[in-house]
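See below for the structure under consideration.
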Amino acid sequence: MTVKTDKSEVQSTWDGVVADWSADKETFAMPWGKLMMWIFLLGDTFIFGVFLIGYMAARMAAVEPWPDTEAIFTMTMFGHEFPLLLIAIMTFILITSSGTMAMAVNYGYRGDKRKAVMFMGLTALFGATFLGMQVFEWYQLIVHYDIRPWGNPHGASQFGAVFFMITGFHGMHVLGGVILLIVMARRVHRGLYDKKGYAVVEITGLYWHFVDLVWVFIFAFFYLL
């Protein structure tokens, strides 16, 4: 049995396809900025994934014992030592900043510009606090424990190299996020997105949530394992 297709019908279908493409039809209503942020975060996920896999490979290949994190990352207060206390506070601050960022996005879509800016500023403050504590952590490791990227007197020499590389790379992301939050909060406050809408707050939030999520993996790999 042969099915004959009318030439006019084929032409009409083809014209419809051309019309759809030329009209820039969207399957999903997603702003270009949001799509580009997702693509950037996907690439960054591969980079952090490779770093963490490399860390585990270096740790398993180390001939000397891996340093005891509870002994190195210890904070002394009131004459008592508290293992991982500083790291726990840093993690709490960063996770809390995800909550304030979510509030900023929520108020942004409600059109409450003042509260959106306030929570973006609070998120940036949490991020800056995290960075300050990370600088203190590095100071402790370098000055008091003599750990360097090229050496470690407390065990495997690879520890310093992978620790400073991965936590430093993450710290650069946090610093970039703090700057991004400040810039976007100022732009929202000045009313540059009053007509366009506040999707830019959500795009900024995507980046910040990614930074927080990466820290959870770093916390688990470096400090708990």
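The values are calculated or read from the model by the stated rules, or taken from the named source; none is laboratory data. Just so we're clear, the structure is a prediction, and the values are computed from it rather than from any experiment. Cβ atoms come from the backbone with ideal geometry, glycine included; neighbour counts cover every protein chain shown. Note: areas computed on protein heavy atoms with side chains; ligands, DNA, RNA excluded. Shrake-Rupley method; radii C 1.70, N 1.55, O 1.52, S 1.80 Å.
Calculated mean residue ellipticity, 222 nm, the chain: -24000 deg cm²/dmol, from DSSP H runs (n ≥ 4) at -39500 (n - 2.57) each, averaged per residue and rounded to 500. Report the Cα centroid-to-centroid distance between region 142-205 and region 58-112 in angstrom, as an integer. The distance from the Cα centre of region 142-205 to that of region 58-112 comes to 13 Å.
Ranking Gly108, Pro65, Val143 by Cα position along the charge dipole of region 31-224, where only Lys, Arg, Asp and Glu carry charges on their C-beta atoms, puts Gly108 farthest toward the positive end. Relative to the dominant Cα principal axis of the chain, helix 113-139 is inclined by about 40°.
Do you know the relative contact order of the chain, to the nearest whole percent, from alpha carbon pairs under 8 angstrom that are 6+ apart? Before the final figure, lay out each step's value.
Working: 208 pairs, mean separation 54.9, N = 225.
About 24 percent, as a whole number.
Given R₀ = 30 Å, FRET efficiency for Ala57-Leu213 by Cβ-Cβ distance, to 0.05?
Computed FRET efficiency for Ala57 and Leu213: 0.85.
Using Cα pairs under 8 angstrom and six or more residues apart, how large is the relative contact order of region 46-129, in percent?
Details: 56 pairs, mean separation 15.7, N = 84.
Value for region 46-129: 19 percent.
Give me the percent of the accessible area of the chain that comes from carbon and sulfur atoms, probe 1.4 Å, all protein chains in place. For the chain, the apolar C and S fraction of the accessible surface comes to 68 percent. Taken over the chain, lysine pairs spaced eight or more positions apart, or on distinct chains, with alpha carbons under 29 Å apart number 12.
Can you give the charge dipole size of the chain about its Cα centre, rounded to the nearest 20 debye, using +1 on the beta carbon of Lys and Arg and -1 on the beta carbon of Asp and Glu?
Numbers: 15 positive and 17 negative charges, 176 e Å.
With Lys and Arg at +1 and Asp and Glu at -1, about 840 debye.
Annotation: per residue accessible area for the chain equals 60 Å², rounded to a whole number [probe 1.4 Å, protein chains only]. Per-peptide packing, taken as the mean over residues of other Cβ atoms within 10 Å, places 40-52, 181-193, 100-112 in the sequence 100-112, 181-193, 40-52 from highest down.
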